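In what follows, a structure is listed as structure tokens, so that the remarks can point back to it.
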There are 6 protein chains.
Amino acid sequence: MLSPDIAATLCAVSTGTITTILLKKGLRRTWMQGPKPIKDGYPRLVGPAFTMRFVPAREDLATPESWASPRSTRAAIEDMPEGAFAVADAMGVTGAGIFGDILCARMVKRGVVGLVTDGVVRDVAGVLATGLPVWCAGAAAPPSVAGLTFVGWQEPIGCGGVAVFPDDMIVADTDGAVVIPRALAEEVAALGPEQERLEAWIVSEVEKGERLPGLYPPNDAAKARYEASKTRG
Amino acid sequence: MLSPDIAATLCAVSTGTITTILLKKGLRRTWMQGPKPIKDGYPRLVGPAFTMRFVPAREDLATPESWASPRSTRAAIEDMPEGAFAVADAMGVTGAGIFGDILCARMVKRGVVGLVTDGVVRDVAGVLATGLPVWCAGAAAPPSVAGLTFVGWQEPIGCGGVAVFPDDMIVADTDGAVVIPRALAEEVAALGPEQERLEAWIVSEVEKGERLPGLYPPNDAAKARYEASKTRG
Amino acid sequence: MLSPDIAATLCAVSTGTITTILLKKGLRRTWMQGPKPIKDGYPRLVGPAFTMRFVPAREDLATPESWASPRSTRAAIEDMPEGAFAVADAMGVTGAGIFGDILCARMVKRGVVGLVTDGVVRDVAGVLATGLPVWCAGAAAPPSVAGLTFVGWQEPIGCGGVAVFPDDMIVADTDGAVVIPRALAEEVAALGPEQERLEAWIVSEVEKGERLPGLYPPNDAAKARYEASKTRG
Amino acid sequence: MLSPDIAATLCAVSTGTITTILLKKGLRRTWMQGPKPIKDGYPRLVGPAFTMRFVPAREDLATPESWASPRSTRAAIEDMPEGAFAVADAMGVTGAGIFGDILCARMVKRGVVGLVTDGVVRDVAGVLATGLPVWCAGAAAPPSVAGLTFVGWQEPIGCGGVAVFPDDMIVADTDGAVVIPRALAEEVAALGPEQERLEAWIVSEVEKGERLPGLYPPNDAAKARYEASKTRG
Amino acid sequence: MLSPDIAATLCAVSTGTITTILLKKGLRRTWMQGPKPIKDGYPRLVGPAFTMRFVPAREDLATPESWASPRSTRAAIEDMPEGAFAVADAMGVTGAGIFGDILCARMVKRGVVGLVTDGVVRDVAGVLATGLPVWCAGAAAPPSVAGLTFVGWQEPIGCGGVAVFPDDMIVADTDGAVVIPRALAEEVAALGPEQERLEAWIVSEVEKGERLPGLYPPNDAAKARYEASKTRG
Amino acid sequence: MLSPDIAATLCAVSTGTITTILLKKGLRRTWMQGPKPIKDGYPRLVGPAFTMRFVPAREDLATPESWASPRSTRAAIEDMPEGAFAVADAMGVTGAGIFGDILCARMVKRGVVGLVTDGVVRDVAGVLATGLPVWCAGAAAPPSVAGLTFVGWQEPIGCGGVAVFPDDMIVADTDGAVVIPRALAEEVAALGPEQERLEAWIVSEVEKGERLPGLYPPNDAAKARYEASKTRG
């Protein structure tokens, strides 16, 4: 389990910066294609992944009995620890909503940080009313069983073209959601804030009228000016 | 023709609930993939489908003469009855707007409830100014003849992967638009309000801290508590 | 170079009207599929295209050294003339942001009118803060090198299914962005305002309750009434 | 109805040449995307279009009763005249086969020239055994009702992104299937053979080692040599 | 485990007939979209599903070490029982081959019936040389780790839009591959042969010149003639 | 320019092996998605890339005059050196054939090795008759100007999701076409044959009944046996 300090530090590092750091370490597939915030204004959120997995619907499986099965989304939710970031592999299906207001309301009660999926939610008005922060691919009216069968939780999954393992670190903001492999979370937390500070300084230089070549990426002269600015600042 | 009572009842039933009821009756393809409200805040709207159909554009057909043809979108609009819900099969084409401000303004004058299409509109600012509620797949500047040829109205169509027949009932809200086959509208109107009431009770239970298993779907004990709540309420 | 008058005139002609005029001249592929305004409320903007071109990423090319190369996005931006409309061919890639806040801030400093791309931007909050008007296909956290390699500027490109040559005229508004071939810009500017006036008159007629047949497109009687209205107006 | 002579002439003109002739007349959308020959070695085939139309499946319509309905594929087939080219708008659905061996066998009995669809067939081994020439998008095991509802015949349709009207002329060969609007069939038949002759001469010139510039397209000198070759030939 | 008799019976029932039988029982999603035979002439093959599952590649997982991991495709293959039909969920990825000649050669040695995947194979010439019957979506040169991470076997999977559970029955022929839920295999085996016999009789009737209405589906008179033919036959 | 020896060596290394070698060096995007051999039985072919680039068609550019322009496909072909492998970026457009029999016949005369494109050819029967080996995404009847505008040659391009620079090495076989960055060609040629030898030995071991774990990838014991086999061989 990551220390709360690391999670707090990552809250100050944008998903953009995280993808840049991971790219420099050779990881290119860390941003999930599909999930977007369903409303404006969410703060950046961080938490360890609690994974859920769906396969396509089959009419013999999608019965009312299935909803009361021990292998159900309900059971998965009751297993979520406080502070977890729920991540659901919906195979990119956008014609059936994986969760509606009832399940989201229960996730809020359990202290879940948010929900990320490459699928969609249903009853979007009700979901917004629960206050659960959601990154998804839109909304659809039909229930999950119209297109999907739930098969398990805390397994490796794919979500939006990215592999997610239980307890990988999820960070989500306006630009979407990224996965930091568990083993790299500490290192990303160590490198992120300095990268943010450097980029903020570059923006301020651009606003003063500086030209880009030599500034971004910074050459030796620019690096020296940046270091000097830190001393002054 | 459906009675006004049925339409009024359906206005209180979400598209999510309608798809659940239809799924239990074996109908899985009732929600149209593509159409979304072009602005926030529309009330839920209901009306019998008035269908329109396009095929791909062909340069020998897309002439100024065609716009004055008796088989034109103009003629179709003049044939729309008050209270109808216009549904246009645009084959999912998103590079040519089927209607702009002039045609939408005329639809408002004729008392049309709204417009649903798996295509897009053009001059979206002008369309919004007419006040016509529109569920569509976005906006495009080019006129319909840039990609589409209008061929008729009040025929069976496909829209967003769903079959729509004239006078099927259309219900549209924040989650999109669904089709209720005409023969099932009365039954859906009969079942919908009770389903909504049950789900509202479940949400209130979740807010009190109840766990999901046994509650959603409700087991016999939960059903008894729900029935008791109705007596009290 | 187009005269400032032409650009000013085009600012009063909607992208919808421009596509109609170009369609009548036989040009059907002038509206870019993909670029949409990233926020509401931009005024219509006009400027000559400054083109940029990407090809897919290759790991041996996407190195930190590449960012300081003379063939970089930085060098391209420093070459943009005031009043240019930047247009970037990102091959429709939506998993890597071509520009973030730093590059957009510099484009504002250089007096660029706006940015159009069939790709996406990154750090969308930062980009919005720069004030640069952007038409794109959304946002992604990863840097451009995660999916794209920059190869040059002021070359012919494709963007959103449309050919764009340097100095073609770009017009962008709520319905998206269109390209007017340089050789046709003067003619479109000459025809556009009258077409806008006619359509406004037709809308006003519809609001008075006129039926569409004979009005849109106008028959001889309607044309006469329109001409009379101009005299009065 | 076209004269048999025109059909015979068109049999000697490739679909490639036909699209070039139609393009020169301003028609760019005449080749259907999707239909390919299901086996090698079909001769080029020509016939007037007999159109059929499907919309998406709906479970209340896809019943055994529907197969015996007067509005069924069976009834459509019994209405096909000898020499017709069947063209089915399957909305590009590739997960349900529109026809199998029984329906294709009956089409052969009725003297149908062939079948073109942007959908797929089922029981492809059985279909091949009937000998009916088929251009389609592949094979699928499920019956049409798994994905499609048949709604009518001899209506305007879209097929593979192209508008097809009853009695438009269909020509199909190794490169796929094209539509010649009925009103243009005579003109295409008049121009096609000469274009084929010219291109054959150009190929023979290339084989002699001629360079392309000035030859293809031919400049005045090349045209003169070509005319001379015809006199000799 | 199914009796060998049932497997033998299913070998005589086409995938088309199986989908029809399952559709009549309410199951519409049983045919996998994507897998096609990689060469002509395979006999129809039947066996219980042995499932394998991939998620997207992540550069920190796709290392040479991973190939020797206990959770690898190698280990899965060594676990396959004789007579199993391997089914791999490759999430429809077609840019990385899941297996090449070495793994396929080993599957043949282990007595595997065949391989079905919605992904692709690599080294298709080598794979063909092993003689393993393969239904897949084509070929690609890159190894699986270029796009995929293997995560487990004998779990529920999705393949080509269909849910597959371990020991569901797989049947594959020229039209592709279908899944029969384990609980329904006996019933399908019981109904299939009669359906095949009826359809063969209908084809023979069509070849005699019978019209379709009343014959397909058969009305009472046709049914009686069919029953009489069986007595004679 | 690469030495003929390197090209000859690469002819004995499969595209699969090349992608594995490049992956180990960190290059994952080297195989072009889309191009497939248009007929069976081509030998593996190798040559330096001669690149060509198209952008979308625009009706004011697609005129007969354009075909005689100095910036035409004709001029590009006359510029191709003997032994070059032509690679055309058609932006994945599959509705317009970039080359037909005449241009392919001329490429054969010029000693071009083959053609790779993510687009399609037209007049596929004529193209096959020229004998030019072609890897493409299929066939279409319409001419290139129906969908594409040719803009230049020997520029960096994207083809099938891969960056290709002039003189990168192209290798194409049954599994498709790969790009070896020019700077890496010598190294790949050095490593490839040994990798092929090792894999052939592993296949022979599997055929003897060896199990996969420890063999593929080989552990130390297996490596020793392999080395011994080479001494014997």
Practice prompt. Check the stretch F:103-119 and report whether any residue there is among the basic types (Lys, Arg) and within 30 Å of D:Gly161 (Cα to Cα).
Written response: no
Worksheet item: Do the conditions hold for B:Lys36, that is, is it in contact (Cβ under 8 Å) with a residue 40 or more places away in the chain and over 30 Å from C:Glu207 (Cβ atoms)?
Response: no
Worksheet entry | Which listed residue is within 25 Å of D:Val124 (Cβ to Cβ) and surrounded by fewer than 24 Cβ atoms within 10 Å (Cβ to Cβ), from D:Ser3, D:Ser66 | D:Ser66
Worksheet item: Just checking, how many residues over the stretch B:14-38 are under 20 Å from A:Val120 (Cβ atoms) and either part of a loop (DSSP other than H, G, I, E, B) or among the acidic types (Asp, Glu) (or both)?
Response: 10
Discussion item. Among the numbered criteria (1) closer than 19 Å to D:Arg58 by Cβ; (2) part of a helix (DSSP H, G or I); (3) more than 9 Å from every other protein chain (Cβ to nearest Cβ), which one does B:Ile170 miss?
Written reply: (2)
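Being touching a residue at least 12 places away in the same chain (Cβ under 8 Å) and closer than 30 Å to F:Lys25 by Cβ: is that true of C:Arg58 here?
Criteria met by C:Arg58.
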Worksheet item: Looking at the stretch F:38-48, which of its residues are within 12 Å of chain E (Cβ to nearest Cβ) and touching a Cys at 6+ places or on another chain (Cβ under 9 Å)?
Response: F:Pro43, F:Arg44
Response to the item:
In the stretch E:173-185, residues that are more than 18 Å from A:Pro56 (Cβ to Cβ) and not in a helix (DSSP H, G or I) total 3
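Results for (1) more than 30 Å from B:Gly160 (Cβ to Cβ); (2) aliphatic (A, V, I, L, M), shown as yes or no for each residue.
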site: A:Met32; (1), (2): no, yes
site: A:Pro37; (1), (2): no, no
site: A:Val46; (1), (2): yes, yes
site: A:Phe50; (1), (2): yes, no
site: A:Ser69; (1), (2): yes, no
site: A:Met80; (1), (2): yes, yes
site: A:Met91; (1), (2): no, yes
site: A:Phe99; (1), (2): no, no
Practice prompt. Within the stretch B:200-212, track down each residue that is more than 7 Å from chain A (Cβ to nearest Cβ) and among the charged types (D, E, K, R).
Written response: B:Glu205, B:Lys208, B:Glu210
Practice prompt. Looking only at the stretch F:45-60, decide whether some residue is within 30 Å of F:Ala200 (Cα to Cα), of a type outside the set (S, T, N, Q) and out of contact with any Pro (no Cβ under 9 Å at 6 or more places or on another chain).
Written response: yes
Item to complete: Inspect the stretch E:151-164 for any residue being in contact with a helix residue (DSSP H, G or I) (Cβ under 8 Å, 6 or more places away or on another chain), over 22 Å from A:Met52 (Cβ atoms) and either at the interface with another protein chain (Cβ under 9 Å from one of its Cβ atoms) or at pLDDT 95 or above (or both) and give the result as yes or no.
Response: no
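In the stretch E:18-33, which residues are touching a residue at least 12 places away in the same chain (Cβ under 8 Å) and out of contact with any Cys (no Cβ under 8 Å at 6 or more places or on another chain)?
Matches in the stretch E:18-33: E:Ile18, E:Thr19, E:Thr20, E:Ile21, E:Leu22, E:Lys25, E:Leu27, E:Arg29, E:Thr30, E:Trp31, E:Gln33.
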Fill in: Tally of residues being surrounded by 24 or more Cβ atoms within 10 Å (Cβ to Cβ), within 26 Å of F:Gly34 (Cβ to Cβ) and touching a strand residue (DSSP E or B) at 6+ places or on another chain (Cβ under 7 Å) across the stretch E:148-161
4
Practice prompt. Can you tell me which residue among A:Thr30, A:Thr15, A:Thr51 is at the interface with another protein chain (Cβ under 7 Å from one of its Cβ atoms) and either modelled with pLDDT of 95 or more or more than 12 Å from the chain's Cα centre (by Cα) (or both)?
Written response: A:Thr15
Worksheet item: Has the stretch C:96-117 got at least one residue that is in contact with a Cys (Cβ under 9 Å, 6 or more places away or on another chain), on the phi > 0 side of the Ramachandran plot and at pLDDT 95 or above?
Response: no
Item to complete: Answer yes if at least one residue in the stretch B:198-207 is at negative phi and in contact (Cβ under 8 Å) with a residue 40 or more places away in the chain, and no otherwise.
Response: yes
Response to the item:
Here the residues within the stretch F:205-226 that are under 32 Å from the mean Cα position of the chain (by Cα) and either in a helix (DSSP H, G or I) or β-branched (Val, Ile, Thr) (or both) are F:Glu205, F:Val206, F:Glu207, F:Tyr226
Worksheet item: Condition test on F:Ser72, is it touching a strand residue (DSSP E or B) at 6+ places or on another chain (Cβ under 7 Å), within 11 Å of chain D (Cβ to nearest Cβ), surrounded by fewer than 23 Cβ atoms within 10 Å (Cβ to Cβ) and within 26 Å of C:Phe54 (Cα to Cα)?
Response: yes
Worksheet item: Which of the residues spanning the stretch E:37-51 are surrounded by fewer than 19 Cβ atoms within 10 Å (Cβ to Cβ) and either of a type in the set (Ser, Thr, Tyr) or at negative phi (or both)?
Response: E:Lys39, E:Asp40, E:Tyr42, E:Pro43, E:Arg44
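Going by the conditions given, is D:Ile202 assigned to a strand (DSSP E or B) and over 28 Å from B:Val164 (Cα atoms)?
Criteria not met by D:Ile202.
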Item to complete: Could you list, in sequence order, all residues of the stretch F:197-216 that are surrounded by 14 or more Cβ atoms within 10 Å (Cβ to Cβ) and of a type in the set (Ser, Thr, Tyr)?
Response: F:Tyr216
Worksheet item: Only one of (1) among the acidic types (Asp, Glu); (2) within 10 Å of chain A (Cβ to nearest Cβ); (3) in contact (Cβ under 8 Å) with a residue 24 or more places away in the chain fails for C:Asp79. Which number is that?
Response: (2)
Discussion item. Every residue in the stretch A:27-50 that is farther than 21 Å from E:Pro56 by Cα and basic (Lys, Arg), please.
Written reply: A:Lys39, A:Arg44
Practice prompt. Check A:Ala96, A:Ala90, A:Ala62 and return the single one that is within 21 Å of E:Gly158 (Cα to Cα), under 16 Å from the mean Cα position of the chain (by Cα) and away from chain C (no Cβ under 14 Å).
Written response: A:Ala90
Item to complete: Determine if the stretch F:116-138 includes at least one residue that is of a type in the set (Lys, Arg) and surrounded by 24 or more Cβ atoms within 10 Å (Cβ to Cβ).
Response: yes
Discussion item. For B:Asp5, only one of the following conditions fails: (1) more than 12 Å from every other protein chain (Cβ to nearest Cβ); (2) within 19 Å of B:Asp175 (Cβ to Cβ); (3) not hydrophobic (A, V, I, L, M, F, W, C). What is its number?
Written reply: (2)
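Condition check ((1) within 11 Å of another protein chain (Cβ to nearest Cβ); (2) touching a strand residue (DSSP E or B) at 6+ places or on another chain (Cβ under 6 Å)) across all residues:
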residue: B:Gly100; (1), (2): yes, no
residue: B:Leu103; (1), (2): yes, no
residue: B:Arg110; (1), (2): yes, no
residue: B:Ala129; (1), (2): yes, no
residue: B:Thr174; (1), (2): yes, no
residue: B:Ala177; (1), (2): yes, yes
residue: B:Ala185; (1), (2): no, yes
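The values are calculated or read from the model by the stated rules, or taken from the named source; none is laboratory data. Computed from a predicted model, the values in this text were never measured in an experiment. Note that we place each Cβ from the backbone using ideal geometry, even for glycine, and neighbour counts take in every protein chain shown.
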